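Presented below is the structure to which this report refers.
The values are calculated or read from the model by the stated rules, or taken from the named source; none is laboratory data. Note that the coordinates shown come from a computational prediction; the quantities given were computed from them, not determined experimentally. Virtual Cβ from ideal backbone geometry, glycine too; neighbours counted across all protein chains shown.
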Amino acid sequence: MTGWPRLTEEERRAILLVEALGLLHDVGKLTDYFLLDKCGGGTFSYQLVTDPQAVHSQVGALDDYASKTWQQWSRWRSAVTPYSSFPAIAETLAEATFRWGEESYSLAELPMFARPRPRIQNADWRSALGKTMRPALVVGAMHGIAHYEKEGGTKQTNYAAMCRASAFGDEQFINETAGATTLNDAYASLPVAALRDGATWERAAWLAVMRQKLELGIADTRRPTNEVTLWDWGYTVASLAKAALAWIAQNGWPDGGPGDIYFRTMSVTIDRLEIYRNTDKITDLLGLRDALDESYRKLQVLLEEEFGLGNRFYHDETGAYYLLPDIAFTEEDIARIRSCFPLDLLPHIDFGQPGDRIRARDLDQENTPHADLVERLLRLVAIPRKRAQEIAPPVFTDSGTAEQLHATWTAHGARPKNAERCAACGLRPVAYPDDDAALEAGVTLAGRADGDTARDRHLCRVCLDRRGRPARDWYRDRRRTVWTDEVADDNG
């Protein structure tokens, strides 16, 4: 594991756009044409999201690999394609540009190269097109290792019986719930225009819209793999490609190609259920829940957008789990992660054991025995979660945290020894702080969380602020649930 220099703004933008490419590289499946084609009812080249000959009009020397690929694309162009059916999407992708090293790209140039086929991965694209096409080749390599084929499922399903399934086996007929108009409209309304906006691009909002649309489509029409939506599939490929490109930004192109890149899981965990169990009032429990949710949102923005290292791929009551490249975090980086959380809710941060890192090619089902593949997947997901359940978060045992919490009793007026503890957190003095300057960095309190109200309720101002105003919120939206002790006065 090597140290990690910060990404430049140019590299960060490139990685986020290649992440978007991972989501979009198979988006031609989000059409009724694709479903009809898979049951023999049409001819549709879903791979051509954009036109290769339009975006690569100047073609140089083609080696054998590139020549065969170019010939295949020429044959595909004679069929119905996403770019011919939805030209506005292809035109917009041409306006989303970035630089990778010395090369400039638009997203329109890349989707056709985001395939795992050896003749695409091994071709000399620099001689043919003047560019290596490496950002797309990374997506293609990750496309290959993201495949996890179940047994069976070799027979195509006819269109009338084509279903979208849940992981629990519940199915909906697609031609009833999302027929030609719905799927094609979803494709035509994909929010790709946002990718042109650079610094003003709201990634979280964009992903939410993309998820809504991509969940209408399925990555495979065959049972039992029809439970995999285009969102599941695209997000998996995008997350692998994002982490791989972050590794390349630091280490350069690996000698053996993207398959030689190593991944590991970082877990940021805290025992929510134990915290909730030790909370007496519903209002305090909900306040803690909201505080933790907000902290994990900050963490997600830090790792996925500011650091640009990888994505959260799993989360539950134990915490959040991120797929990252195998790079080292400095103490400063870990401090940045901790700064997303309040002092009384600090998580445990775990990067796993030295043997937990996984090489990309060792996740490829094509050349990995099934038992070995399962063992490696467990090292990425199940084992980190099990370890998180066994390790107590260092909330009160960390010496630095203890010193900072102790300072709440000694700074800003030196509270007397008999000062009352907050009835909610049991850590801070009642009505703390007298002066907002004593608050932790990044913490702000609403005006309602004043000292007099806090003293009246035997709370610190931090916990009073967390409680919020549930009665007011319920009055404004009666569909919400409200508990009696949230709205009753001292007399019930």
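The residues on offer are Tyr65, Tyr83, and the sole one that is more than 20 Å from Asn184 (Cα to Cα) and of a type in the set (Phe, Trp, Tyr) is Tyr65. Looking across Val138, Val49, Val55, Val59, one residue alone is crowded, with 19+ Cβ neighbours inside 10 Å, over 27 Å from the mean Cα position of the chain (by Cα) and on the phi < 0 side of the Ramachandran plot. It is Val55. Every residue in segment 188-201 that is within 30 Å of Glu9 (Cα to Cα) and either in a helix (DSSP H, G or I) or at pLDDT 90 or above (or both), please. Hits for segment 188-201 are Ser189, Leu190, Pro191, Val192, Ala193, Ala194, Leu195, Arg196, Gly198, Ala199, Thr200. Tell me the residue from Thr132, Thr154 that is among the hydroxyl-bearing types (Ser, Thr, Tyr), modelled with pLDDT of 95 or more and either over 25 Å from Asp32 (Cβ atoms) or out of contact with any strand residue (DSSP E or B) (no Cβ under 8 Å at 6 or more places or on another chain) (or both), please. Only one candidate passes the filter, namely Thr132. Residues in segment 435-482 that are modelled with pLDDT of 70 or more, polar (S, T, N, Q) and either at positive phi or in a loop (DSSP other than H, G, I, E, B) (or both): Thr444 only.
Here is a yes/no grid of residues against (1) more than 20 Å from Leu216 (Cβ to Cβ); (2) assigned to a helix (DSSP H, G or I):
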{"site": "Gln47", "(1), (2)": "no, no"}
{"site": "Thr50", "(1), (2)": "yes, no"}
{"site": "Gln58", "(1), (2)": "yes, no"}
{"site": "Ser67", "(1), (2)": "yes, yes"}
{"site": "Gln72", "(1), (2)": "yes, yes"}
{"site": "Ile89", "(1), (2)": "no, yes"}
{"site": "Arg99", "(1), (2)": "yes, no"}
{"site": "Ser104", "(1), (2)": "yes, no"}
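Scanning segment 322-341 for residues that are part of a helix (DSSP H, G or I) and either in contact (Cβ under 8 Å) with a residue 12 or more places away in the chain or basic (Lys, Arg) (or both) yields Asp333, Ile334, Arg336, Ile337, Arg338. Looking only at segment 260-318, residues that are basic (Lys, Arg), in contact with a strand residue (DSSP E or B) (Cβ under 6 Å, 6 or more places away or on another chain) and part of a loop (DSSP other than H, G, I, E, B) come to 0 in all.
Scanning segment 231-250 finds no residues that are small (Gly, Ala, Ser) and without any contact (Cβ under 8 Å) to a residue 12 or more places away in the chain.
Against the test of being modelled with pLDDT of 95 or more and touching a helix residue (DSSP H, G or I) at 6+ places or on another chain (Cβ under 6 Å), the options Leu240, Leu216 yield a single qualifying residue, Leu240. Cβ-Cβ contacts under 7 Å between residues 6 or more apart (or on different chains), taken from a first residue in segment 167-180 that is modelled with pLDDT under 70 to a second residue that is assigned to a loop (DSSP other than H, G, I, E, B) and surrounded by 14 or more Cβ atoms within 10 Å (Cβ to Cβ), are listed as Asn175/Met162; Ala178/Leu216. Of all residues in segment 106-133, those satisfying the criterion of being over 19 Å from Ala20 (Cα atoms) and in a helix (DSSP H, G or I) are Pro118, Arg119, Ile120, Gln121, Trp125, Arg126, Ser127, Ala128, Leu129. The set of residues in segment 342-374 that are part of a helix (DSSP H, G or I) and surrounded by 14 or more Cβ atoms within 10 Å (Cβ to Cβ) comprises Leu343, Asp344, Leu345, Asp356, Ala360, Arg361, Asp362, Leu363, Gln365, Leu373.
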